[in-house]
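Contents: one structure, followed by commentary.
The values are calculated or read from the model by the stated rules, or taken from the named source; none is laboratory data. Keep in mind that this is a model prediction, so the values were computed, not measured. All Cβ positions, glycine included, derive from the backbone under ideal geometry; neighbour counts span all protein chains shown. The protein model used for the area step is the full one, side chains on, heavy atoms only, and it has no ligands, DNA or RNA in it. Shrake-Rupley method; radii C 1.70, N 1.55, O 1.52, S 1.80 Å.
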Amino acid sequence: MFHKPPTVSSALWEPYQKGACLCTIEFKRTQLSAASSYSVGFKFEHGKLHKGGSILGTIFSASRKPRVEPTLRKREAYPQNVDLPPVLPKQKKKPYPIPFKKIKQVAKEDKKLAEMGIEKPLDPPKNGLLAPDLIPVAYQVLDAWKVLIKGLGQLLHVIPVYGCNECSEVHVSHSGHHMQDCLGPTNSKRRSFHSWIKGSINDILVPIEAYHLYDPFGRRIKHETRFQYDRIPAIVELCIQAGVEITEYPSRRRTKPIRMIGRKVIDRGGLVEEPQPWRAANPSSLVDLDTHGACERFPPPLPSDIPKIAQETMDAYETVRFGVTKLMKKYTVKACGYCTEVHVGPWGHNAKLCGEFKHQWRDGKHGWQDATVDEVFPPNYVWHVKDPKGPPMKGGALKKFYGKAPAVVEVCLQAGAQIPEKYKPMMRLDIVVPDSEEAQLVA
């Protein structure tokens, strides 16, 4: 005798109570993932009587159907803590930002088209024309670059910065730290302690300069002609080539695209005589684009204006970094695989100025490869100080409890700005630094 399931209505179960027909009840269960939530549903099918004596009764099946969950807005989750940025060895070439297999594959395809006599398909700005959608981005980056220099020039009057006289270490605090990690030439005499001196804005914003070119697709810079070209910040040169008009630094604007077969330019619209901007340039109109003497140009801020200036500087830093990342996706920027030299253009220059690893084998020439955003706009990571007015940071076993942050972020944070969430995992804000005796007991 069958008992009525609690979820079945009485009207459907009444024929079976009267004995009108024999029925078979079948339960079907689908194998489903435990990560999803489902609701139970029931299904009935009424049977028919056949002459052969077999009775097909009502089939009752129970199955699980997926429950439709309301769509939730996905939030970008950041890890709790991340590793500190690795220090690349100087006795080795930098890794390629693009996988070498992909570089070989693209070169193979270009060579195959060249052998067939087919021109390489080029889109703006690879063909010498401007990308119209990136011109507003270039102007936005240049304006934010000026705000960034001005803000740091004011904040450095109230936020102390120290730099090592022997190496590139920078520390943002009221006193230098006591970590023994100096790599300077006389570090053995100081037991690897740093030799701290007062820092400047160039210790926060690392000056990365590049040659200004009137025509990036024109003549390449030779070692003998390198003094005929101005050296300006690489970010400014990138903005000029992306469409920013600066009277002192003119740039050729093509109306017809260049044509290439393989790696050879077959039509560049003729060679135009490049003007000499350094002879007619007005230094006073370009001073806002350079970090040199920024602290002397801007007076100390009022105490009530410090948090506002810090927040504006932090926002300008994010704007510059986002804009440079967007521009470099379209415009070609080259960097040396051995030193810090950067060149904005489709190919690097021929100045023999590289003095890093195995430069004798290359006759001083740079090993050009595609640049990354950190090479054009270095973050310059420094130790994060939780209490700037507290005791100096110590090294040894306590070093693994400290975090790092870009130098600009650390300066703005100490001045009262709200920093983005993406920088907090590397700063290790949730880690309590133990005493020197307790650190030896931590696994």
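Could we say that residue 83 is surrounded by 10 or more Cβ atoms within 10 Å (Cβ to Cβ), out of contact with any Phe, Trp or Tyr (no Cβ under 9 Å at 6 or more places or on another chain) and modelled with pLDDT of 50 or more here?
no
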- [ ] Restrict the check to the stretch 372-381 and report whether at least one residue is among the polar types (S, T, N, Q) and in contact with a helix residue (DSSP H, G or I) (Cβ under 7 Å, 6 or more places away or on another chain).
- [x] yes
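Being closer than 30 Å to residue 260 by Cβ, of a type in the set (Val, Ile, Thr) and exposed (fewer than 15 other Cβ atoms within 10 Å of the Cβ) is the requirement here; does residue 340 meet it?
Values: closer than 30 Å to residue 260 by Cβ: yes; of a type in the set (Val, Ile, Thr): yes; exposed (fewer than 15 other Cβ atoms within 10 Å of the Cβ): yes.
Against the criterion (closer than 30 Å to residue 260 by Cβ, of a type in the set (Val, Ile, Thr) and exposed (fewer than 15 other Cβ atoms within 10 Å of the Cβ)), residue 340 qualifies.
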Output for Cβ contacts, cut-off 7 Å, separation at least six or different chains, first residue at positive phi and part of a loop (DSSP other than H, G, I, E, B) in the stretch 408-419, second open to solvent by 20 Å² or more (accessible area, probe 1.4 Å) and of a type outside the set (Asp, Glu), reads 416/306; 416/307
For the stretch 373-396, the count of residues that are open to solvent by 50 Å² or more (accessible area, probe 1.4 Å) and touching a residue at least 12 places away in the same chain (Cβ under 8 Å) equals 5
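Would you mind listing the strands (runs of 3 or more DSSP E) fully within the stretch 129-221 where at least 2 residues are open to solvent by 70 Å² or more (accessible area, probe 1.4 Å)?
By residue number, 196-198.
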Original post:
Can you find even one residue in the stretch 236-252 that is within 29 Å of residue 324 (Cα to Cα) and part of a strand (DSSP E or B)?
Top reply: yes
Considering the stretch 282-335, residues that are in contact with a helix residue (DSSP H, G or I) (Cβ under 6 Å, 6 or more places away or on another chain), at pLDDT 95 or above and more than 20 Å from residue 235 (Cα to Cα), and then whichever is most open to solvent (accessible area, probe 1.4 Å), we arrive at 309
